[in-house]
Amino acid sequence: MAVDEFREAQFNLNRIHKAGDFVLGGLFPIQTTSVFPELPFSSKPQDTTCYGWAQTMAFAINEINSNPSLLPNVTLGYSLYDACYTLGVAFRAALSMASGREKHFNLDESCAGSPPVLGIVVDHSSHSVAISRILGLYKVPMIRAMLQIMRRLGWTWVGVLFLDDDYGHDAARILQGELARSGLGCVAYVEVLPWDGDPAQLQRIVRVVKESTARVVIEFIYGINMVRLMEEVRQFWEHTFGCKFAPLPSEWVDAGGRVCTGQEDLGTAESTLLDVSNLRPEYNIYKAVYALAHALHDMLQCVPGRGPFPGHSCATLQTIQPWQLVHYLEKINFTTSFGDHVTFDENGDALPIYDVMNWAWLPDGSAKVQHVGVFKTSASGDEELILDEDTIFWSFESTKPPRSVCSESCLPGSRVARRKGEPVCCFDCIACSEGEISNETDSTECTSCPEDFWSSPQRDHCVPKSVEFLSYHEALGISLTTISLLGTVMCAIVLGIFIYHRSTPMVRANNSELSFLLLLSLKLCFLCSLLFIGYPRLWTCQLRHAAFGISFVLCVSCILVKTMVVLAVFKASKPGGADIMKWFGSMQQRGTVLFLTSIQSTICTAWLLSASPTPHKNIQYQSDKIVYECDVGSTVGFAVLLGYIGLLSLLSFLLAFMARNLPDNFNEAKLITFSMLIFCAVWIAFIPAYISSPGKYADVVEVFAILASTFGILVSLFGPKCYLMLLKPERNTKKSIMGRGDTKT
């Protein structure tokens, strides 16, 4: 048969018609395309017959006509066409129902009156996409169900297979859009399965599936194509999920109007009409017919002047248009006799209920299908997925769902770093930097901890920063405290020895009053070091440097005066020098010490009043620690305080150095020279060490300098004297001390 001849041939549309006041249309595929010859056409297709789904619609309309409360005094009719699983036939049937003509359509003719049918109930096959976007009522909720399953089982990296038809293309497009919008996952690959089931194409798709890292494939395939594909790829995956319309209520046992006695054994009956295992499409057709009937019922209840149309008009019985019926259809809200609620959401989508089915291949090659869950949407838009994971059959040893991700989740403590040019599901995990945390899985960024907090070792939460200061409870603080107290005790012991031997020549010859005052100042120097240990407070910060500066000036002033007295005594022993001692009497000595010390007191007072040292919380030295220290306030004030001590120390050293070779057997100037040499060396080394030491170690350096210089003075000045008084008492005589030349004579 030639192609031109084929084009001119007439095709009879199989139809079941019943007259009524209003007619509803139905378009259902009855026979598969296997009754049609392969392309190119060489013969006319065989006629087909209609049954099954069409009978369901007829049954529903007959039931409505018998219901006195629904559409009273109105009879519904129907025109039911067979789509034959063929797009061309489906189009012809749809146009026939819309125009009332099967062969010719004159677009120039004006349309008047009601159309042949008010509404068309279409099956859920792909043809309905081409005929009407009504299929969206099924498609969008089904994709929502798949997204819920992906979220539940943790699948973020999936492949997509779809049949090369409107349904497949639309579903794949919407799925990819929903994945991108919701951020639930990414598509590893998208493959189109041809209608003709080309073996080469199937093998290519199998190869893509095998080589992909995605362990989950979402398919928008049905009918014989799904069977073919599953047979080809079952060696690569042996577990499949699918969504089907929700199961029918238990009362639904007969779609053909047959009366049941209640004694039938449905488990052994072989009639297709009694096979209720897969009547979801029939039940949805049943609900669709009732939805149209309820919309028509509401429309006929319209009161003139209060209608929803322009001028508050109502639809008339003679001119009812489908768009007017759609207005009422969007607002229906009823419950079927089986207890199922029927309504539409704000998008015009029916509230879906889907079964989640699990396919598994058995050793004999057959497939086992079992119900493992249900997906439901309420009128408020809430979605619920009930999944019995314990009943799911997996083909591997583990009973847990397979992992299907492009990249493993980034644990808390790290952040997601997108890979350039790859899907958002493919990324690397970068550990958060110090001081930053992330406490969520797959966090896109790390957040900084507050100022007084730091990141934990795992970088998943903030912990308070450790506090650092020179404490009495740590080994270093305990050691310095012990040394300070030891020095204080030694000063007390030496003072006791001098008091006990105060009448001996050794004590009297070395200016006992200045020696006692010097021992007191040394004791204060030892004790002031304790102010540098412990938690910094305002009063300790203010007192520590003031006490340190005044104590050391008092000490060095005593040494300076003692050195000046030694020189004065030597000058007085020479001819013409008798008058010099009147300037170095006891009152002058005390006055000089007091004057020199008062200068330091003035410096400290000015420092405290202008820029007083204060406690400071330092976070610059170490980011993970808070260092509590005393801020000196004025660096100039601190420098002047140290400079004044250094000036007196240098002057004492120079005078003592000049008097070191005086002829006395026990020349104290030698001891002063040595003590000042130690003192100056310690404090010269202190300055760079103090500047370069961070945090509490600056306090340690200062305390060490105080203790070292104080011990140096104590041991250098008083050690030899105590040695003679305690161990060489025979040399503690005026003759031995004041003698000249060789001490052995």
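The values are calculated or read from the model by the stated rules, or taken from the named source; none is laboratory data. The model shown is predicted, which means the values in this text are computed figures rather than measured ones. Glycine gets a Cβ as well: all are built from the backbone with ideal geometry, and neighbour counts include every protein chain shown.
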Check your understanding: List the pairs whose first member sits in the range 166-186 and is of a type in the set (S, T, N, Q), whose second member is part of a helix (DSSP H, G or I) and buried (at least 16 other Cβ atoms within 10 Å of the Cβ), and whose Cβ atoms are under 9 Å apart, counting only residues at least 6 apart or on separate chains?
Key -> SER182/LEU147
Review point. What tally of residues in the range 626-656 results from selecting those that are part of a strand (DSSP E or B) and either of a type in the set (Ser, Thr, Tyr) or at pLDDT 90 or above (or both)?
Key: 1
Review point. Which one is farthest from LEU524 (Cα to Cα), of the residues in the range 447-469 that are surrounded by fewer than 19 Cβ atoms within 10 Å (Cβ to Cβ) and either modelled with pLDDT under 90 or out of contact with any strand residue (DSSP E or B) (no Cβ under 8 Å at 6 or more places or on another chain) (or both)?
Key: GLN458
Check your understanding: In the range 450-506, which residues are free of Cβ contacts under 8 Å to residues at least 60 places away in the same chain and among the basic types (Lys, Arg)?
Key -> ARG459, ARG502
**Study point:** Filtered residue count, the range 154-180, keeping only those that are modelled with pLDDT of 85 or more and surrounded by 18 or more Cβ atoms within 10 Å (Cβ to Cβ)
**Key:** 9
Point to revise | For SER623: the one exception among (1) surrounded by 16 or more Cβ atoms within 10 Å (Cβ to Cβ); (2) of a type in the set (S, T, N, Q); (3) at pLDDT below 85 | key: (1)
Study note, to complete from the structure: Going through the range 470-485 in order, the residues found to be surrounded by 13 or more Cβ atoms within 10 Å (Cβ to Cβ) and in a helix (DSSP H, G or I) are LEU476, GLY477, ILE478, LEU480, THR481, ILE483, SER484, LEU485
Exercise for review: Scan the range 626-644 for residues that are over 20 Å from GLU451 (Cα atoms) and surrounded by 15 or more Cβ atoms within 10 Å (Cβ to Cβ) and report the count.
Suggested key: 9
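For (1) surrounded by 16 or more Cβ atoms within 10 Å (Cβ to Cβ); (2) in a loop (DSSP other than H, G, I, E, B); (3) assigned by TED's automatic domain parsing to the domain that holds ALA293; (4) of a type in the set (Lys, Arg), each residue gets a yes or a no:
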| residue | (1), (2), (3), (4) |
| --- | --- |
| ARG306 | no, yes, yes, yes |
| GLY311 | no, no, yes, no |
| LEU317 | no, yes, yes, no |
| TYR328 | yes, no, yes, no |
| LYS331 | no, yes, yes, yes |
| PHE334 | yes, no, yes, no |
| SER337 | no, yes, yes, no |
| THR343 | no, no, yes, no |
Point to revise | Selection status of GLY496, touching a Gly at 6+ places or on another chain (Cβ under 9 Å), at negative phi and in a helix (DSSP H, G or I) | key: no
Exercise for review: Out of the residues in the range 430-446 that are charged (D, E, K, R) and crowded, with 17+ Cβ neighbours inside 10 Å, state the one that is farthest from TYR621 (Cα to Cα).
Suggested key: ASP442
Practice item. Within the range 607-620, count every residue that is surrounded by 14 or more Cβ atoms within 10 Å (Cβ to Cβ) and either touching a Ser or Thr at 6+ places or on another chain (Cβ under 6 Å) or assigned to a helix (DSSP H, G or I) (or both). Key: 3
Practice item. Would you check which residues across the range 404-421 are touching a strand residue (DSSP E or B) at 6+ places or on another chain (Cβ under 9 Å), outside any strand (DSSP E or B) and over 23 Å from TRP454 (Cα atoms) and list them? Key: SER404, VAL405, CYS406, SER407, GLU408, SER409, ARG419
Practice item. Answer yes or no as to whether ILE706 is at pLDDT 85 or above and buried (at least 19 other Cβ atoms within 10 Å of the Cβ). Key: yes
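For GLU730, are the conditions met, namely being of a type in the set (Asp, Glu) and surrounded by fewer than 20 Cβ atoms within 10 Å (Cβ to Cβ)?
Taking the combined requirement at face value, the residue satisfies it.
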Exercise for review: Enumerate the pairs (first residue in the range 53-73 and in a loop (DSSP other than H, G, I, E, B); second residue anywhere and among the aromatic types (Phe, Trp, Tyr)) with beta-carbon separation below 6 Å, excluding pairs fewer than 6 apart on the same chain, so at least 6 apart or on different chains.
Suggested key: none
